[in-house]
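Student: The structure is given below, and queries will be raised subsequently.
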Amino acid sequence: MKTLLALLALLAGCLACSGADVNWLPLLQERIPQYGHRNWVVIADSAYPAQSRGGIETVVSNAGQADVLRGVLDALRASKHVTPILYTDKELNYLEEKDAPGIGAYRKELGQILGSQKVNVLPHLQIIGKLDQVSQTFRVLIIKTNMTLPYTSVFLQLDCAYWGVEAEKRLRAKMAAAR
């Protein structure tokens, strides 16, 4: 019986690594305590590529993107140690209904979900490059959704929730003055 359970656990781990359809929320809840500043979580559209870096884990949720984004943001809000820095693709702002039917409704829904949170907007390839670079040292979790609109992925770079930029600047200035 122990051997069977071990085999099932191994199989479940292999499925998660391969990107097979998994229940993404328990996986996310397992990862968040492990993650810290410099880790990333991506809520991706269905055509998002499987990146080959070892630090990137991709799971297929088959869930709606808005639901996954809300779930990830809720989980991060509940966390005391990390907070997201948001990124979206610059291309999203230039898409038109004739080329991507439903894009206007998506942008509106995304705006409602993100509210007044600051969003960094960069070209898609630049964000992909950031993920490639950061995954050499830090872990990235990509949750693929059933979204079928282009340039709709939302990228969350995790930052420390209890230590801010201004505190870091003061610390570095104090250290430099002590030299």
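Student: When Glu96 is evaluated against the numbered criteria (1) more than 16 Å from Ile143 (Cα to Cα); (2) part of a loop (DSSP other than H, G, I, E, B); (3) in contact (Cβ under 8 Å) with a residue 60 or more places away in the chain; (4) not polar (S, T, N, Q), which criterion, by number, is the only one it fails?
Tutor: It is condition (3) that Glu96 fails.
Student: Find the strands (runs of 3 or more DSSP E) located wholly in region 37-93 whose residues include 1 or more that are among the aromatic types (Phe, Trp, Tyr) and buried (at least 19 other Cβ atoms within 10 Å of the Cβ), and list them.
Tutor: Result: 40-44, 82-89.
Student: Something else now. Could you check how many residues of region 111-139 are under 14 Å from Ser153 (Cα atoms), in contact with a Leu (Cβ under 9 Å, 6 or more places away or on another chain) and not in a helix (DSSP H, G or I)?
Tutor: Here the count works out to 3.
Student: Answer yes or no as to whether Gly129 is farther than 14 Å from Leu69 by Cα and out of contact with any Cys (no Cβ under 9 Å at 6 or more places or on another chain).
Tutor: Yes, satisfied.
Student: Where residues in region 123-179 are among the hydroxyl-bearing types (Ser, Thr, Tyr) and under 19 Å from Ile43 (Cβ atoms), which of them is surrounded by the fewest Cβ atoms within 10 Å (Cβ to Cβ)?
Tutor: So the residue we want is Thr148.
Student: Which is in contact with a strand residue (DSSP E or B) (Cβ under 8 Å, 6 or more places away or on another chain) and within 20 Å of Cys160 (Cα to Cα), of Val60, Val82, Val68?
Tutor: When all the criteria are applied, what remains is Val82.
Student: Quickly run through region 152-179 and pick out the residues that are in contact with a His (Cβ under 6 Å, 6 or more places away or on another chain) and not in a strand (DSSP E or B).
Tutor: Ala161
None of the figures in this text is laboratory data; all of them are computed from the coordinates on show. Keep in mind that what you see is a predicted model, and the values were worked out from it rather than measured. Backbone-built Cβ (ideal geometry, glycine too); neighbour counts: all protein chains shown.
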